[in-house]
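Structure first, commentary second.
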Amino acid sequence: MFRRILLPVIFGLLVYGFWISPDFKQITAGVAIFLFGMLFLEEGFRAFTGGFLETLLSRTTDRLWKSLSFGIVTTTVMQSSSLVSVIAISFLSAGMISLASGIGIIFGANIGTTTGAWLIAGFGLKVKISAYAMPMLVFGIILVFQNNRTMKGIGYILAGLGFLFLGIHYMKEGFETFRDTIDLTRFAMPGYAGLFAFAAVGIFATVVMQSSHATLVLIITALAAQQVTYENALALAIGANVGTTITAILGSLSSNHQGKRLAAGHLIFNVITGVIAIAFIYQIMWAVDTTAVTFGIKDDDYTLKLAVFHTIFNMIGVVVLLPFVNRLVSFLEGAIPEPKIDVVEPKYLMDAVTEFPETLLEAVRNESIHLYDNALEIIAHGVNLHRTKILQADDLDEFISHDREVLDFNLDSTYERKVKALYASILEFIARAQGDIPPEFADQFYELRQACRQTVMTVKDVKHLRKNITRYLVHDNEYIRGEYNALRIQLASLLHDIEELRKMDPDDRNVIELDAYRVEIDEESNVVNGGVDRLIRDGKITPQMGTSLMNDYGYARDAIWQLTDVAKTLFGSRDVAEMEAEELIGLDEYDVEEKAAGR
Amino acid sequence: MKLKDIFSSDRLKDGKKRKALKKVLHKLEKKQDKLEKEFRSESAKKMRKKLLLKLKTNKRHRRKAKQLIAELDQG
C-alpha cells in the first residue's frame, strides 16, 4: 500500500516544487543528470571488466598502501575528491575492486584533496575540470555509438563524467540563491559550541556549493574580511571536509549495496576525522603554528596556514583510522547487508530423513517434484500462459490460437529464486547423503538427479524460446504466429497431460503415453515435414522468420523430450521392475528416428 | 536346485521382468480401448488428429512390449 502511493506522492511533490521555485527545478534536474551520469559511468566501467582496466585496478589497489597511493595521485591530478570517490563507488559497484581497496582510495582522496588547499593558497589557482563537461559529453556520445566495445566503454565513461559535471553545475546554479543567505557572523560563539556550529555551517555550505574547494575560498575570504576568527575558520574547514561526502552519498543512490557501503565508509571516516580535529583543535593549531614557523609562513598568512591545517588534520584521520580498515569493512558489511534474494527453501530435505534410504529417496523425490512445480510456473509464463489456463482449459488449441496476451515477468530472477536455489539445495543434499545410499538405491537417486537437471535445462530452453514467442505472439503475420502457437500448444498440452497423470491413481498411471508428444514434435512438426519451407517459398513468412522458427523448434523439442523424461521419473511407477519395463517400452531417440527415417 | 539359488537366478529376474512388462502391456491395452472409443466419438478434426497420434504411439509401445516379452519367453 505504502509503496503504491509513494511514487505518485513523490511526483506530486516534485511538480509542486517545480511550480513554485525555478531554483528547485534546477537543483532536482541537476541531481537527475548527476545520477544519469553515474549510470553511464558504471556502464562504461563494466565494459572493461575482465580486461585491461580490471587488471590495472587489481594491480594498483591490491594492497592498502597501493589503494591509498591511488587515491592520493588521482585526486591530486583530478583536483576533486568527490569525483574520485564517485569513481571508486562505480569501480566497486561493477565488482572491479574490493571494499577495502575502495576505502583505501577514499582515505587517499582525503589526503589528495589537501593539495587543492595548497594550490589555492600558494598560487591562487583552482583547476576547474568542469569546463571540460561539454566536450566530454560530445566526444563521449560519439564514442557510445561505435561498435567497438572499448570505444563504447570509453564513450560511456566520458559521457558519464560529462553528465556528472553538468549535474553538479546545475545543482550549484540552483543553490546560488542560498549562498547569499550564509552570514558567518551570525554563528560567532566562543569555545566548542562555536566550533561545532561553524563545522555545521561548513557542512551546509559544501553541500550547497557541491565543492569543498569553493567552501575553502569562502573561508579564506571571510578570514580576510575578519568575519570569522581563525579558530572558527578551521571549524568551517572541518565541516567542509564532512560536507564533501554528499557527492559520494548522492552517487551511491544509483549504485548497489557495495557502493552504498563505500559512501557510508567515506562519511564515517570524514565524520570521525572531523570529531578528532575538533576535539584536539588547540593541539592541531599548535602543530600548525610550529609547522608554519618551520616553513617560514608568516603569522598572519591564514591562507597558507589553512592549507597546513587541512593537510595535518586529514593526515591525522588517515593515520588514526588506517589500522581499523578491516574492522570498518566488517562493520559496513554488517550494517549494509547484501540484499537477500527471496529464494525458495527446500520443503522436504531434512537431516532426519537420512536415517533410512527409503525416507531419503522419498524426500529427494518430493523435493524434485517441488522443483518441477516451480519450474512449471516459469515454463508456463515463459510461453505467455497462466498455469491455471494450462491445467484447466478444456480446449487448449482453441484458447492458445486466439490468445495474444504477453505476460510481464522476469524469467531470470524467478529462475534464480525458485529453481536455481532449490536445485543447488537438492544437489548438495544428495552429495552429503551419498554415504548413506545403499548400492541398490543408487540408480534411483541418479534418475532423480537427472530429472532435476532436465527440469533446469527445460527452463533454460524456454528462456531462449520466450524471446521469439513473445515477439511473434503480437505479430501481424498470422502464419508465423500460427507456427509459434503450435509450439506453445505442444508444450502446454504436454504440461496439461502430465498434470492429468498426477491426479490419477499411481497404479493406473501410464507415463509412457507421454511419448506421443515426442512423436508429434519429431514427426508431425512443420519444421521437419517441409511445411516451413513451403511457407518461405510461398512468401508467407520471411526467411529470417523461418530461421528463427527452426532454431526455436530445437529448443521446444529439447524441452518436450526432457519434460517427458522428468515426468516418467517423478510420476512413473515406484516399483523397480515396472520402472525398468516402462523404460524398455518407452520410445527413445533411436525408436523415433528409425520411424522418421522409414516414413 | 536349492531355494536360495532359485531366488538369485536369472530365471527369477526374468520372471519379475516379464510380470512387469505384462502389467505395462495390460495398461497399454486398456488405454487403447479408451482411446479408440474417444476417437470414434470425436468429431473435431484437431482432436481426432491428436487421438490418432496417441493411438499410433500406443500401438508402437504395445508392439515393443510384446516383442520384449517374446524375447524373454525364448530365453
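Since every read-out is calculated from the coordinates, none of them should be taken as a lab result. Predicted model, so just to flag it, every value in this text is computed and none were measured. Counting neighbours? That spans all protein chains shown, and the Cβs are built from the backbone with ideal geometry, glycine included.
Mind checking A:574-586 for the average number of partner chain beta-carbons within 10 Å of each residue's beta-carbon?
Values: counts 0, 3, 2, 9, 8, 1, 5, 13, 7, 0, 8, 14, 3.
Mean shielding by partner chains, rounded to a whole number: 6.
Tabulate in residue order the Karplus-calculated ³J(HN,Hα) for region A:240-256, using 6.51 cos²θ - 1.76 cosθ + 1.60 with θ = phi - 60°, rounded to whole Hz; enter x for Gly and Pro.
For region A:240-256, the Karplus-derived couplings read 4, 5, 7, x, 5, 6, 4, 5, 5, 5, 4, x, 6, 4, 9, 9, 7 Hz, x marking Gly and Pro.
Take the alpha carbon atoms of region A:424-480, find their center, do the same for region A:243-303, and report the distance between the two centers in whole angstrom.
Cα centroid of region A:424-480 versus Cα centroid of region A:243-303: 55 Å apart.
List, in the order given, every pair from A:LYS568/B:LYS19; A:LYS347/A:LYS389; B:LYS16/B:LYS64; B:LYS16/B:LYS37 whose Cα-Cα distance in the structure shown is over 22 Å. Don't skip to the answer; put the middle values down first.
Values: A:LYS568/B:LYS19 19 Å; A:LYS347/A:LYS389 26 Å; B:LYS16/B:LYS64 18 Å; B:LYS16/B:LYS37 32 Å.
The pairs that break the limit, which is 22 Å between Cα atoms, are A:LYS347/A:LYS389; B:LYS16/B:LYS37.
Per residue of A:514-520, what is the mean number of Cβ atoms on other protein chains within 10 angstrom of that residue's Cβ? Before the final figure, lay out the partial values.
Values: counts 2, 5, 12, 3, 1, 5, 6.
Rounded to a whole number, the mean comes out at 5.
Under the definition of partner shielding as Cβ atoms of other protein chains within 10 Å of a residue Cβ, what is the mean value for peptide B:65-74? Working shown, then result.
On the way: counts 5, 1, 2, 3, 1, 0, 0, 0, 0, 0.
Per residue, the number of nearby Cβ atoms from other chains is 1 on average.
Which lysines, if any, have their Cα less than 22 Å from the Cα of A:LYS540, not counting same-chain residues under 8 positions apart?
Once the sequence-local lysines are set aside, what remains near A:LYS540 is A:LYS467.
List the aspartates and glutamates whose Cα sits under 14 Å from the Cα of A:LYS460, skipping any in the same chain fewer than 8 residues away.
Straight-line reach from A:LYS460, under 14 Å: A:GLU377, A:ASP412, A:GLU416, A:ASP552, A:ASP558.
Quick one: angle between helix A:576-585 and the longest Cα principal axis of chain A, in degrees between 0 and 90, rounded to 10, please.
So the inclination is approximately 80 degrees.
Just report the Cα centroid separation between region A:360-395 and region A:315-341, whole Å.
If we compute the Cα centre of each part, the gap is 45 Å.
Normalised by the number of residues in chain A, what is the relative contact order in percent for Cα pairs under 8 Å and 6+ residues apart? Let's see the in-between values first.
Numbers: 758 pairs, mean separation 67.0, N = 599.
Relative contact order of chain A: 11 percent.
Structure shown: which of A:LYS420/B:LYS27; B:LYS34/B:LYS66; A:LYS418/A:LYS503 lie over 31 Å apart, alpha-carbon to alpha-carbon? Numbers along the way, then the final one.
Working: A:LYS420/B:LYS27 36 Å; B:LYS34/B:LYS66 20 Å; A:LYS418/A:LYS503 24 Å.
As for pairs spanning more than 31 Å Cα to Cα, those are A:LYS420/B:LYS27.
To the nearest 10 degrees, how steeply does helix A:191-209 sit against the main Cα axis of chain A, on a 0 to 90 scale?
60
Which distance in Å, rounded to a whole number, links the C-alpha centroids of region A:481-536 and region A:85-101?
50
For region A:513-520, in order, what is each residue's ³J(HN,Hα) by Karplus, 6.51 cos²θ - 1.76 cosθ + 1.60 with θ = phi - 60°, in whole Hz (x at glycine and Pro)?
5, 5, 4, 4, 6, 5, 5, 4
Taking loop as defined by DSSP and a crowding limit of 14 other beta carbons within 10 Å, which GluC sites (Glu not before Pro) in region A:403-494 fit? Can you show the working numbers first?
Details: sites: A:GLU405, A:GLU416, A:GLU428, A:GLU440, A:GLU447, A:GLU478, A:GLU483; in loops: A:GLU405.
Counting only loop positions with at most 14 other Cβ atoms within 10 Å, the GluC sites (Glu not before Pro) in region A:403-494 are A:GLU405.
If one takes the longest principal axis of the Cα atoms in chain A, at what angle in degrees, from 0 to 90 and to the nearest 10, does the Cα axis of helix A:478-503 lie?
70
Cross-link candidates for A:LYS25: which lysines have Cα within less than 17 Å, leaving aside residues fewer than 8 places away along the same chain?
Excluding near neighbours in sequence, the set is A:LYS172.
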